[in-house]
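Here's the structure, in structure tokens; my notes come after.
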Amino acid sequence: MELAYYSDYAVRLVNTEEPARGKDMLTSVEAVRDLFGANQSAARRTTDADVTRFRSVRARLRAVFDAADGGDETLAVDLLNSLLLEFPVSPQISGHDFRDDDGRPLWHMHLADHPSNATAGYAAIAAMGLAFHLTEYGVDRLGLCEASPCRNAYLDTSTNRSRRYCSDRCATRANVAAYRARKRLEADRSENTGRADDSAQPTTASGERRSGLRGR
């Protein structure tokens, strides 16, 4: 398993909250456990205390995305480094569940955490995965959705660094909103032009009448 895969842990956690909409999905132990996905052994360590701790880590991870999205690379790296120092992991070579045609293990790097609680384990993996993604692809590949008021986090893996939205749904919604805005602007300009033409006509007619009177 590629270490960059773990960066999705960070995205999943950050996107459990939509600040602009006042939504927060981290309201129970079950919600926290769902974040672990197939890692059920780690999920089972979750307790009520982890709900609050997860929210704290979420805020710090969002700050990394905020800094990256705002173009402050140094701040993004500093914030991520602080998480790496607080929540360390031990990289290990693993071959479980993967075999080649000869039945031999397909060795790959794996992140082994030694957490004191579920939050520490999740934070360690999320921070390390995000760090690998950042150093592999660049800080500008960490973004926040431009479709207001979404602002969900995403990782840009496009070849031309063109991603701006967290999902196709948000991209479509933003494009429709932009199209409607252009149409309103065109309609306003057309209406203003029509008003200007209407206001100019009486002046021209009046001028013609005065000119005719002087000719007499």
Query - Positions within the stretch 13-28 being surrounded by 16 or more Cβ atoms within 10 Å (Cβ to Cβ) and in a helix (DSSP H, G or I), in sequence order - result: 13, 14
Report summary line: Note: among 53, 44, 60, just one is of a type in the set (Lys, Arg), in contact with a helix residue (DSSP H, G or I) (Cβ under 8 Å, 6 or more places away or on another chain) and exposed (fewer than 12 other Cβ atoms within 10 Å of the Cβ), namely 44
Query raised in the report: Can you name the residue in the stretch 75-91 that is more than 14 Å from residue 61 (Cβ to Cβ) and not hydroxyl-bearing (Ser, Thr, Tyr) and, of all such residues, is surrounded by the fewest Cβ atoms within 10 Å (Cβ to Cβ)?
Result: 85
Report summary line: Going through the stretch 47-98 in order, the residues found to be over 15 Å from residue 16 (Cβ atoms), touching a residue at least 24 places away in the same chain (Cβ under 8 Å) and aliphatic (A, V, I, L, M) are 49, 64, 68, 76, 77, 80, 83, 84, 89
Report summary line: In the stretch 160-176, anything surrounded by 10 or more Cβ atoms within 10 Å (Cβ to Cβ), out of contact with any helix residue (DSSP H, G or I) (no Cβ under 9 Å at 6 or more places or on another chain) and either in contact (Cβ under 8 Å) with a residue 24 or more places away in the chain or assigned to a loop (DSSP other than H, G, I, E, B) (or both) is listed as 167, 170, 171, 173, 174
Report summary line: Counting only helices (runs of 4 or more DSSP H) entirely within the stretch 31-142, those with at least 1 residues that are at pLDDT 90 or above are 48-69, 73-86, 118-137
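The values are calculated or read from the model by the stated rules, or taken from the named source; none is laboratory data. Since the structure is predicted, the reported quantities are computational estimates derived from the model, not experimental observations. Cβ sites come from the backbone with ideal geometry, for glycine too, and all protein chains shown count toward neighbours.
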